[in-house]
Amino acid sequence: MKLAVVRCLLTILLVVRTLEAQPRVVSIEELPLGTDHGWHNPRFSPSGKSVFYTTSNYHGIWEFSLDSRTIRQVTSDPSSGYGYTISQDGRTIAYRTTTILPTRRRKQQIVLKDIAEVDSKLVDSAEDLSTPAFAAGKLLYSKSGQMREANIDHSTDNIEILGIENTKIALLRGLEKVVLDPFGSGSYIWPSLSPDKKSLVAYEMGHGTFVAHLDGTVITMLGRRDSPSWTHEGKWIAYMDEKDDGHRILTSDILLVSPDGAETHRLTATEDSIELDPRCSPTQKKIVYHTIEGNIFILTYTD
């Protein structure tokens, strides 16, 4: 009888410890951004102390300081919110604008701006420019498939994702651009570099989400896990579990999955809110996302 009681207690203790080890939500805060626009595409600054975001049509970029609780509009340039990057010190932003000319041809520009200043610098202009990236002490981008750079120094110790070029993943390794196509003739979106810069997660249209080495070798297939983003310590990948009817989004919640696919944990389960495009803080257990109504939230979790 005593042995049965001991076994029961051990089982209860094991269950409690398992539950304690699972990720759980500590708080969810809506950022007070006003209702002038439907807000979209939020992301943390490299320090994790600000959130940058744009509108649903990507026109303009704003910054919300989590310390001072103040809002600053960085730019109103067209389509600037689609492809932008923030320097590691948080002082400079680079973005790509897109304008359709009366001839129906496209004009794109790379703009460099001190976030605290009014003035900005035009870096380049062409019909086909990649989104820019700060890496290796430079501002790097691709023009008609060829690498271009600004802010030159002589550092080469860096790895960054440049973005998607012609449906493939463009990766910067030192000063060399590498184009990855792990599945051969694949079409990729949502690439995200792991915190240790040894692997990446991305979504391929025919295969779903996967984790791969930086040479393109696939490590794990994760299935459909939309808009994946690494947590700051690399323990989890946050994603949205979206359901639609082919025309509109019906539901979407935020979940975590381990990089090996062995564990999945739900963070939200709301019937009255559709949560989209999670992006993880680079310094804390926080996830920023927007809703289909255009509100931005920060979710704090523990694991």
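Which entries of 143/243; 138/198; 121/143; 168/243 show an alpha-carbon separation above 27 angstrom in the structure shown? Spell out each step's value before the answer.
Details: 143/243 36 Å; 138/198 21 Å; 121/143 17 Å; 168/243 25 Å.
Table pairs above 27 Å Cα-Cα are 143/243.
So, with a 1.4 angstrom probe, what is the percent of accessible area on the chain that is carbon and sulfur?
Details: 7700 of 15430 Å².
Roughly 50 percent, rounded to a whole number.
If you place +1 on the Cβ of every Lys and Arg, -1 on the Cβ of every Asp and Glu, and leave all else neutral, what size is the dipole of the chain about its Cα centre, to the nearest 20 Debye?
The calculated dipole for the chain is roughly 320 debye.
Provide the convex hull volume over Cα atoms per residue for the chain, in Å³. Display every interim value, and only then the final one.
Details: hull volume 53.4 nm³, N = 303.
Here the figure is 176 Å³ per residue.
I need to check one value: relative contact order of the chain, counting alpha carbon pairs closer than 8 Å and at least 6 residues apart, in percent.
On the way: 729 pairs, mean separation 45.1, N = 303.
Computed over the chain, the figure is 15 percent.
Over the Cα atoms of the stretch 32-84, what Rg and Dmax result, in angstrom?
10.3, 28
Name the residue from 116, 133, 163 whose Cα lies farthest towards the positive end of the charge dipole of the stretch 84-225, charges +1 on Cβ of Lys and Arg and -1 on Cβ of Asp and Glu.
163
Let me check I've understood the local charge: for residue 278, count other residues with C-beta under 14 angstrom from its C-beta, Lys and Arg +1, Asp and Glu -1. What total comes out?
Working: positive: 43, 225, 266, 279, 285, 286; negative: 226, 241, 242, 253, 275, 277.
It works out to a net charge of 0.
Net charge near residue 180: determine it from the other residues with C-beta under 10 Å of the C-beta of residue 180, scoring Lys and Arg +1 and Asp and Glu -1. Display every interim value, and only then the final one.
Numbers: positive: 168; negative: 181, 215.
Charge balance in the 10 Å sphere: -1.
Taking only Cα atoms, what is the 0 to 90° angle, nearest 10, from helix 2-21's long axis to the longest principal axis of the chain?
That helix lies at roughly 10 degrees to the long axis.
Kindly provide log₁₀ I(q)/I(0) values, in the same order as q = 0.10, 0.21 Å⁻¹, from the Debye equation applied to equal alpha-carbon scatterers of the stretch 119-275.
-0.42, -1.28
Among 101, 75, 189, whose Cα projects farthest towards the positive end of the dipole of the chain, with charges put on the beta-carbon of Lys, Arg (+1) and Asp, Glu (-1)?
With unit charges placed on the Cβ atoms, the residue in question is 189.
Starting from the Cα of residue 273, move 7 Å in the Cα-to-Cβ direction to define the label point; list residues of the stretch 224-253 whose amide nitrogen is under 14 Å from there.
Answer for the stretch 224-253: 252-253.
Run through the stretch 256-303 and list the GluC sites (Glu not before Pro) located in a DSSP loop whose Cβ has at most 15 other Cβ atoms within 10 Å. Intermediate results must be reported in sequence, preceding the final value.
On the way: sites: 263, 271, 275, 293; in loops: 263, 271, 293.
In loop regions of the stretch 256-303 (DSSP not H, G, I, E or B), the sparsely surrounded GluC sites (Glu not before Pro) are 263, 271, 293.
Using a Förster radius of 41 Å, what is the FRET efficiency between residue 243 and residue 149 based on their Cβ-Cβ separation? Nearest 0.05, please. Mind dumping the intermediate values first?
Details: r = 43 Å, r/R0 = 1.04.
Once rounded, the FRET efficiency stands at 0.45.
May I ask for the net charge around residue 216, where only other residues with Cβ less than 13 Å from the Cβ of residue 216 are counted and Lys, Arg are +1 while Asp, Glu are -1? Write out the running numbers ahead of the final one.
Details: positive: 168, 173; negative: 181, 204, 215.
Combined, the nearby Lys, Arg, Asp and Glu give -1.
When the chain is fully extended, how far beyond the present Cα-Cα distance does residue 167 get from residue 235, taking 0.36 nm per residue of separation?
Gain on extension, residue 167 to residue 235, equals 21.7 nm.
For the stretch 181-268, which trypsin sites (Lys or Arg not before Pro) pass both filters: DSSP loop (anything but H, G, I, E, B) and at most 14 other C-beta atoms within 10 Å? Working shown, then result.
On the way: sites: 197, 198, 224, 225, 235, 243, 248, 266; in loops: 197, 198, 224, 225, 235, 248.
Taking the stretch 181-268 and a limit of 14 other Cβ atoms within 10 Å, the loop trypsin sites (Lys or Arg not before Pro) found are 197, 198, 224, 248.
The values are calculated or read from the model by the stated rules, or taken from the named source; none is laboratory data. Note that the structure is predicted; figures quoted are calculated from it, not measured. Here Cβ is always computed from backbone atoms with ideal geometry, including for glycine, and neighbour counts include all displayed protein chains. In case anyone asks, the SASA skips ligands and DNA or RNA and just uses the protein heavy atoms, side chains included. Shrake-Rupley method; radii C 1.70, N 1.55, O 1.52, S 1.80 Å.
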